[in-house]
Amino acid sequence: MSSFRSPSPLTVLLILAVGYLAYNTLHPASGNLDRNAESRPVVPRSDLGADEQNTINVFKEVSPSVVYITSIEVRRNFFSLNLYEVPQGTGSGFIWDKEGRIVTNYHVISDANRIEVTLADHSTWKAALVGAAPDRDLAVLHISAPAAKLRPIMIGESENLQVGQKVLAIGNPFGLDQTLTTGVVSALGREIQSVTNRTIHNVIQTDAAINPGNSGGPLLDSAGRLIGINTMIYSPSGANAGVGFAVPVHEVNRAVPQIIRHGKLFRPGLGLSFANQRIMRELELEGVLVLNVEPGSSADKAGIRGTQQVRGGLILGDIILAVNTVKVRDYNQLRDELEKHEVGETVTLTLLRENAQVDVAVVLEAM
């Protein structure tokens, strides 16, 4: 037979104290109540400031042009071997034309097995890849949405931007669609690396909040015109740190029509192959050494000489020192200078040939 032990006086006091506090918390003293309490009156405000109203107007005008992109990966179940789809990543993009073409970053869709595009009205469309320029981190998609649903973005300028100029970004950071952030042009002429490790020049730096999911979305000026495509952030944590980068619109407007026409970007070239830069370092020479000249190329027609193998060694070919008087120390600099020009343009190459400098005019061809 169990015995009952009565609680100690201290335990009883603790129980009573806790009960008292709980009761008073749930049942406040009647002195704090007022049966006549009413909502506070709303204080009227003056009209919105001009800058505020402009930001609102730009968002209303441009947001229908911004899309939400989901890249989908197909996987196989290890046990049943059935295929299933999982969202791999999200990004942003914008409507290029009434034919349903969408522009985004190449890295947003590069590993996708299937791509979906969601418009501002929340309708979702299967997207097909038209083409891409990985060196520029650009891609063009196509959706079969009716023209009435498509509002192409307005194209602006990036050559005359100024540091301090107001900018706006619309995108889908962390999957939160139709998000607006604002800031300024923080710097111009920056350089970033594309997914192919090619340098993208004249990039716009902004402090408008750019986060994962903003990639591929538009950077706008205060008139609501496209001035860049938000491409990356600089942040050790992967979140916004006030340093975002956008590929300038003049690069976009130059590349996209070529991608639509050909599925890729044709670069201006010379019809030459070049020696590894390590060889130039071993020879303690600057410039770009020509190895081979493609027969019938514009370089062949201009008389450029390649490297020849003879008994006992090599006869070095021409070494390109400059393009239109701009010095080039390696292949990357040569390629960057050539890409400032269009296919069909003529450039003057300064060559080192048999210890003498010569200038040769060459017509650039599509590569």
Q. For segment 208-367, what is the Kirkwood estimate of the hydrodynamic radius, computed as the reciprocal of the mean inverse distance between distinct Cα atoms, to one decimal in Å?
A. 18.4 Å
Q) Mind checking the alpha-carbon convex hull of segment 245-294 and giving the volume per residue in Å³? A) 143 Å³
Q: Once you have the Cα-Cα distance between Thr199 and Glu294, take 0.36 nm times their residue separation minus that, and quote the gain in nm to one decimal.
A: 31.6 nm
Q. Label Arg267 and Ser63 with points 7 Å out from Cα along Cα→Cβ: what is the distance between them in nm?
A. 4.1 nm
Q) How far is it, in nm, from the label point at Leu285 to the one at Glu354 when both lie 7 Å from their Cα along the line to the Cβ? A) 1.5 nm
Q. Taking a point 7 angstrom from the Cα of Ala366 along the C-beta vector, which residues in segment 247-264 have backbone N less than 17 Å away?
A. 254-264
Q. Cα convex hull of the chain: how many Å³ per residue?
A. 373 Å³
Q: Could you check the simple spin-label distance between Lys126 and Asp336, using points 7 Å along Cα→Cβ, in nm with one decimal?
A: 4.3 nm
Q: Set the Förster radius R0 to 51 Å, insert the Cβ-Cβ distance between Leu314 and Lys166 as r into 1/(1 + (r/R0)^6), and round the FRET efficiency to 0.05.
A: 0.30
Q. Semi-axes, largest first, in whole Å: what does sqrt of 5 times each Cα gyration tensor eigenvalue give for segment 262-328?
A. 23, 16, 12
Q: Round to the nearest 0.05 the FRET efficiency obtained for Glu73 and Arg278 when R0 = 45 Å and r is the Cβ-Cβ distance.
A: 0.75
**Q.** Overall dimensions of segment 114-265 as given by Cα atoms, namely Rg and Dmax in Å
**A.** 15.0, 42
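Since every read-out is calculated from the coordinates, none of them should be taken as a lab result. Computed from a prediction, not measured in an experiment: that's the story for all the values here. Please note: Cβ atoms are built from the backbone with ideal geometry, for glycine as well, and neighbour counts cover all protein chains shown.
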